[in-house]
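Colleague: Take a look at the following structure, please.
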Amino acid sequence: MKINKNFSISMIMLLPFLIIAEVSNAQIIFTDSGQSLGAGRSFGIVLGDLDGDNDLDAFITDYIGSSQIWVNDGDGIFSFSGQGFGSGSDFSHGAAIGDLDNDDDNDILVMNGNGNCKVLINDGTGIFTDSGQSLGLVGVDYGTAILADVDDDGDLDAFAVAFGNSNELWMNDGNGVFTNSSQILGSNTSRSMGIGDLDADDDLDFFLTQDDATDEIWFNDGDGNFTNSGQNIGDQVGNEQIVLADLDGDDDLDAFITNGDFPNQGLGNKVWINDGNGFFNAQGDYFGHAKWNAVGDIDRDGDIDAITCHNEQANKVWLNDGTGTFAESIDFTSNGIAVAFGDVDNDNDLDVFIGYGENAGGNKLFFNNSVLGVDDESLILPGFQLHQNFPNPLNPSTTINFELPVQSFVSLNVYDVLGKEVATLVEKDMLAGIYYFNFDASELSSGVYYYRLNTGNYAEAKKMVLIN
């Protein structure tokens, strides 16, 4: 059945007969919200709608105490839910949010030390119960997890990044009960993992960063079995966190990798560009030094920017020129150990959480109050454009960006792989402008979808992968 979604569209800039093609010279401003969320050592901050009220709440891990759920009032003001999970002996590091038991609400997978990772089940109202599972191997510390339906059976499986041991793939039985697949994925020096369709064959592959070895790319055979592609990527020391996104605007997934421990060896952050078939080449020189990162369109110019954090340096904003080349914009605060993006105050821009250590007085939320500038030369928008959604894969929401050079009647629709229309997003006359569309796909099943923009004189479609 076709569904009509609630949506919001923000228009960057509009002038009669004159549209700005790109927004540059933006004044990037992040303002401290004045809130302190949690007070431990927070290596993991994950955002998602935990209480079913259609805004982004936060699950914040604590390496030396209890991990906590913080609930958003819809305007970016957070309050502690009263729920804490684990203790300092659990050594909670990362977490992931997704519907693990297929009951249409978001559950939480918490990555702990000593083979004690936990599945927290949501009752639908934001009250969570420990499922009783202890996932992982005794004596092994687990850092991060990524949820994805790797075997295409309609539920979310889990990639577990293990420190000092081979990484693991935990298969979901559909009810939130996980079993180790026994696949050996990567070496014992892994730091983080990125998931996406890297080789354009409509299944999910992964990109693995490693601390003491070159990074690795593993291809999926379509049934959830993975093979090392044989690529040796990056440097053999100090690589930390990877995020996959289309950094150069060619509709495939590239890699932004932080490296923060060895600036004296000439190393640093690096962008790796995908050739479209899952093979990556370095883009330009090293820039900056960091351990943690998050990406998104900070200045709303249609490309993917980044924020990086380092526990001994300033946090930095990096703006993309559209080709995957990044330039430093601003420094703000210092010594972050985690970072997460999300529009927490529902004003159609990306706000940022920074996690800190136990002596910083709590984790911080910064509102995006950037002032969008324009080039001195008022450029005419060159034509209709439909951009790749971000994030992709989505779980369960994403942003679709399109540009109209003239007033047009716009149809924006979503189709499944069989060509059946499953969602009508826009169907109306719209003024010329640059638009950002926030699409919530929580009512659709996991899988590959296509979104299509049609204006009568222009039509284009792009692929997105839903993990729900």
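The values are calculated or read from the model by the stated rules, or taken from the named source; none is laboratory data. These numbers were taken from a predicted model, which means no experiment stands behind them. Every residue, glycine among them, receives a Cβ derived from its backbone with ideal geometry; neighbour counts consider all protein chains shown. With ligands, DNA and RNA removed, areas are computed over all heavy atoms of the protein, side chains included. Shrake-Rupley method; radii C 1.70, N 1.55, O 1.52, S 1.80 Å.
Colleague: Listed here are the pairs Lys118/Lys462; Lys291/Lys420; Lys270/Lys462; Lys118/Lys420; Lys428/Lys462; Lys364/Lys428; which of them are more than 32 Å apart at the Cα?
Modeller: Checking Cα-Cα distances, Lys118/Lys462; Lys291/Lys420; Lys118/Lys420; Lys364/Lys428 exceed 32 Å.
Colleague: Rounded to the nearest whole Å², what accessible area per residue is found for region 88-195 with the 1.4 Å probe?
Modeller: 34
Colleague: How much area per residue is accessible in region 211-348 when the probe is 1.4 Å and only protein heavy atoms are counted (Å²)?
Modeller: 36
Colleague: For region 356-468, report the accessible area per residue in Å² (1.4 Å probe, heavy atoms, rounded to an integer).
Modeller: About 42 Å² of surface per residue is accessible.
Colleague: Related question: Within the chain, what's the longest run with no trypsin sites (Lys or Arg not before Pro) in a DSSP loop and at most 12 other beta-carbon atoms within 10 Å? Give the range, please.
Modeller: The longest such stretch corresponds to 3-419.
Colleague: If you build the convex hull over the alpha carbons only and average its shadow over all orientations, what do you get for region 386-468? Give it in nm² to one decimal.
Modeller: Averaged projected area of region 386-468's Cα convex hull equals 4.8 nm².
Colleague: Taking the inverse of the average 1/r across all pairs of different Cα atoms in region 33-90, what Kirkwood radius in Å do you get?
Modeller: Kirkwood hydrodynamic radius for region 33-90: 11.6 Å.
Colleague: Output needed: percent of Cα pairs per 10 Å distance bin for region 155-300, bins running from 0 to the one holding the longest distance.
Modeller: So the P(r) values, bin by bin, are 12, 41, 35, 12, 1.
Colleague: Please give the contour-minus-distance gain from Glu358 to Phe80: 0.36 nm per residue of separation, less the Cα-Cα distance, rounded to one decimal in nm.
Modeller: 98.3 nm
Colleague: While we're here: Tell me the Rg and the Dmax, in Å, that the Cα atoms of region 38-168 produce.
Modeller: 14.1, 42
Colleague: What FRET efficiency, computed as 1/(1 + (r/R0)^6) with R0 = 51 Å and r the Cβ-Cβ distance, is obtained for Asp347 and Asp212, rounded to the nearest 0.05?
Modeller: 0.75
Colleague: Once all Cα-Cα distances of region 275-357 are split into 10 Å bins that start at 0, what whole-number percent is in each one?
Modeller: With 10 Å bins starting at 0, P(r) equals 17, 45, 31, 7, 0.
Colleague: Here is a further query. If you average the C-alpha positions of region 412-468 and of region 299-350 separately, how far apart do those two centres end up, in angstrom?
Modeller: 27
Colleague: In whole Å, how far is the Cα centre of region 114-165 from that of region 386-410?
Modeller: That distance is 31 Å.
Colleague: Given a 1.4 angstrom probe, I'd like the percentage of the accessible area of the chain that is carbon and sulfur, rounded to a whole number.
Modeller: Taking all protein chains in place, the chain shows 47 percent carbon and sulfur surface.
Colleague: Taking a ≥ b ≥ c as the square roots of the eigenvalues of the Cα gyration tensor of region 217-313, is the shape rounded (a/c under 1.5), prolate (a/b larger than b/c) or oblate?
Modeller: Taking the square roots of the gyration eigenvalues as a ≥ b ≥ c, region 217-313 is oblate.
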